[in-house]
Amino acid sequence: MLMFKRKPVKTVLVCCGTGCLANNSRAIYEGLKKRIEESGARASIRPVTKATGCNGLCERGPIVKIQPDDIFYCGVKATDVDEIFERSVLNDEIITRLLYLDSSTGERVKSHRDTEFYKRQHKIALRNIGEIDPASIDDYIERDGYRALEKVLTTMSPQEVIDEIEKSGLRGRGGAGFPTGVKWKQCARVDVFPKYVVCNGDEGDPGAFMDRSIMEGDPHSVIEGMLICAYAIGAERGFIYIRDEYALALKNMAAALEEARKRGFLGRNILQKGMNFDIEIVRGGGAFVCGESTALMASIEGRVGEPRVKYIRSVERGLWDKPTVLNNVETWANVPVIINRGAQWFRSIGSEGSPGTKVFSLVGKVKNTGLIEVPMGITLREIIFSIGGGIPRDREFKAVQTGGPSGGCIPKELLDLPVDFDSLTESGSMMGSGGMIVMDETTCMVEVARYYLQFLAEESCGKCVPCREGIKQMLGILEDICAGRGREGDIELLLDIGATLQEAALCGLGKTAPNPVLSTIRYFREEYREHIQNKYCPAGVCKELTVFYIDQEACRGCGLCAQKCPLGAISGERRRTYTIDETKCIKCGQCRDTCRFGAVKNRGRRHDNNH
């Protein structure tokens, strides 16, 4: 009897991560789902529509992928639904105008795997996101979900699990980079019960959305990682601490926990192997300091989220003074893959001191903003210029800030710096949870430092004097410098206060708070001097130190600057030259950003008779 291979069912994957949802991707998903349901196709061959988590390329969303045809559509609108259904879903045609446009070659690319953005990435923590429906436990199971849990419960002892994680070299992805296996081993040795497993989903860094995307797009990977740890240390209760602003993450994680209970992966006698473990969600109140481990635990206990001194170790006395293992979302998502594929496989990726991959949110002055996962040891240049596509409008790269508000700013001279825990720390920055903000020539580094110190001053819990008063004093000095009131000795004073904070602050927030200031002074000291000595902001950002004028020789008389000026401060005649009325100018920078000839310049408050 002849056997015919059935044509695989088409799957239409619509990105419904937070970024694409903001661009109306839900309407695209509902539209395609409705067209397919109304198509009258037989159930056995009817295409499947799935709402997935974030695909990563947020700059080009909403994104629709069609499998197994490997079609990748970008910038899709609800008005494109009918055409996608008729041409690509039913008739295997490609809609060229919706394909990814490679800015370097000007060519359209059919598969996301062939784009510069994706082909340099290596996805472990993000392995399922964009490929599965996070609301479907079956989708997760089809991609080896819960296989690692079954493996440890049937073939491995708790000590063997800990040994495998330790041999993998996995370091905590929440910021400090402490070896995960060492933490588990220390907790397992403490003969005190009950023990707890905690997931830190309180991602508070401006511009960061790594953990959020994992919880939204692949919640079961986090649950499985926590289950494996619970088995290894003998815990029966776990908590996932999620910041309250993450509505979709809260929804998807709660649904995943319920599905896991129904299938026997959570609760009592898990998989009939005698293991008992359950997880509950705790909603954070939005305090940045609650990302610090001991403050987070205090918040779970119902107390004010304040840190405590670190000579009391959480693996010995954490939640309710009981042994506790706390890791962040990305760390947990790595655990099942390590168990399935082995420690040596994981160590073969990344660098010697920082094995594996790291997820970053790549944002700021870069063409391809979004979520990426790259091997440790990749250079900043590869991330920003190959994956990120470089700087918009071909402006000059100035710096990249890594590690969140407490991270540092790395200059263009260090673009070939490998991205790993140790290299970033040596440069005066840090890995942090994975935020990466790119800055160009129009960024003022003094203002950047001031912005982050203002954020940290507001978020400090105020428990210890060095943090509470030190950040406040540093912020006051930076505000004076940006306002034209800077004085000689300000730079040295900032360095002194920063060193005191690093030494004396109680928790990681205070100890790392000076990083934005210290790193910008280290690499951009001349810019500080210009602000203080010459009352001049080279980037034209600090309004008190900025005076825009139009270079008469460079002006081409196009008039675009006058059209963009919100207060009509620019006058002139087309094909002649234009001038700026300084008494009306609010220094918004629209004229400079609009001018294609570089005619709008800044002389600061310095008196120059030539202008």
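Any residue at all in the stretch 243-256 that is polar (S, T, N, Q), in contact with a strand residue (DSSP E or B) (Cβ under 6 Å, 6 or more places away or on another chain) and in the same structural domain as residue 213 (by TED's automatic domain parsing)?
no
So, of the residues in the stretch 226-262 that are surrounded by fewer than 17 Cβ atoms within 10 Å (Cβ to Cβ), part of a helix (DSSP H, G or I) and at pLDDT 95 or above, which turns out to be farthest from the chain's Cα centre (by Cα)?
262
Taking residue 154 and the conditions (1) at pLDDT below 95; (2) part of a helix (DSSP H, G or I), which numbered condition does it fall short on, given that it satisfies the others?
Going through the list (1) at pLDDT below 95; (2) part of a helix (DSSP H, G or I), residue 154 breaks only (1).
Select from the stretch 333-356 the residues that are part of a loop (DSSP other than H, G, I, E, B) and more than 19 Å from residue 377 (Cβ to Cβ) and list them in ascending order. Don't jump to the end; show me each part of the working.
Here is the first cut: in the stretch 333-356, the residues part of a loop (DSSP other than H, G, I, E, B) are 342, 348-349, 351-354, 356.
Within the stretch 333-356, 342 is the sole residue that qualifies.
Please go through the stretch 395-408 and pick out each residue that is among the hydrophobic types (A, V, I, L, M, F, W, C) and within 16 Å of the chain's Cα centre (by Cα). I'd like the intermediate steps shown before the answer.
To start, the set of residues in the stretch 395-408 that are among the hydrophobic types (A, V, I, L, M, F, W, C) comprises 397, 399-400.
The one that is among the hydrophobic types (A, V, I, L, M, F, W, C) and within 16 Å of the chain's Cα centre (by Cα): 400.
Does the stretch 68-92 hold any residues that are modelled with pLDDT under 95 and in contact with a Pro (Cβ under 8 Å, 6 or more places away or on another chain), and which are they?
68, 89
Restricting to the stretch 245-284, give me the number of residues that are in contact with a Lys or Arg (Cβ under 8 Å, 6 or more places away or on another chain) and among the small types (Gly, Ala, Ser).
3
Filtering the stretch 157-193 down to residues that are touching a residue at least 24 places away in the same chain (Cβ under 8 Å), among the aliphatic types (A, V, I, L, M) and not in a loop (DSSP other than H, G, I, E, B), which residue is surrounded by the fewest Cβ atoms within 10 Å (Cβ to Cβ)?
So, considering only residues that are touching a residue at least 24 places away in the same chain (Cβ under 8 Å), among the aliphatic types (A, V, I, L, M) and not in a loop (DSSP other than H, G, I, E, B), the one surrounded by the fewest Cβ atoms within 10 Å (Cβ to Cβ) is 188.
Could you check the stretch 115-143 and list, in sequence order, the residues that are of a type in the set (Asp, Glu) and surrounded by 15 or more Cβ atoms within 10 Å (Cβ to Cβ)?
Result: 116, 131, 133, 139.
If you go through the stretch 510-546, how many residues are assigned to a helix (DSSP H, G or I), among the hydrophobic types (A, V, I, L, M, F, W, C) and touching a Gly at 6+ places or on another chain (Cβ under 8 Å)?
Number satisfying all stated conditions: 4.
Keeping to the stretch 263-300, report how many residues are without any contact (Cβ under 8 Å) to a residue 24 or more places away in the chain and surrounded by fewer than 13 Cβ atoms within 10 Å (Cβ to Cβ).
So the first thing to find is which residues in the stretch 263-300 are without any contact (Cβ under 8 Å) to a residue 24 or more places away in the chain, and the list is 264, 267-269, 272, 274, 298.
Those left that are additionally surrounded by fewer than 13 Cβ atoms within 10 Å (Cβ to Cβ): 268-269, 272, 274.
So the answer is 4.
So, in the stretch 499-526, how many residues would count as being buried (at least 21 other Cβ atoms within 10 Å of the Cβ) and of a type in the set (Asp, Glu)?
Summing the residues that are buried (at least 21 other Cβ atoms within 10 Å of the Cβ) and of a type in the set (Asp, Glu) in the stretch 499-526 gives 0.
Name the one entry in 31, 75, 130 that is part of a helix (DSSP H, G or I) and within 30 Å of residue 211 (Cα to Cα).
Step by step, each of 31, 75, 130 is checked, and only 31 is part of a helix (DSSP H, G or I) and within 30 Å of residue 211 (Cα to Cα).
Has the stretch 567-579 got at least one residue that is touching a residue at least 24 places away in the same chain (Cβ under 8 Å), in the same structural domain as residue 452 (by TED's automatic domain parsing) and among the hydroxyl-bearing types (Ser, Thr, Tyr)? Step through it out loud before you land on a result.
Let us first name the residues in the stretch 567-579 that are touching a residue at least 24 places away in the same chain (Cβ under 8 Å), namely 577-579.
Now drop any that are not in the same structural domain as residue 452 (by TED's automatic domain parsing), which leaves none.
No, the stretch 567-579 contains no residue that is touching a residue at least 24 places away in the same chain (Cβ under 8 Å), in the same structural domain as residue 452 (by TED's automatic domain parsing) and among the hydroxyl-bearing types (Ser, Thr, Tyr).
Can you name the number of the only condition in (1) within 11 Å of residue 438 (Cβ to Cβ); (2) of a type outside the set (A, V, I, L, M); (3) crowded, with 21+ Cβ neighbours inside 10 Å that residue 373 fails?
Evaluating residue 373 over (1) within 11 Å of residue 438 (Cβ to Cβ); (2) of a type outside the set (A, V, I, L, M); (3) crowded, with 21+ Cβ neighbours inside 10 Å leaves (1) as the failure.
Out of the residues in the stretch 83-127 meeting the condition of being touching a Lys or Arg at 6+ places or on another chain (Cβ under 8 Å) and part of a loop (DSSP other than H, G, I, E, B), tell me which one is farthest from residue 255 (Cα to Cα).
103
The values are calculated or read from the model by the stated rules, or taken from the named source; none is laboratory data. Please read these numbers as outputs of a predicted model, since none were measured by experiment. Note that we place each Cβ from the backbone using ideal geometry, even for glycine, and neighbour counts take in every protein chain shown.
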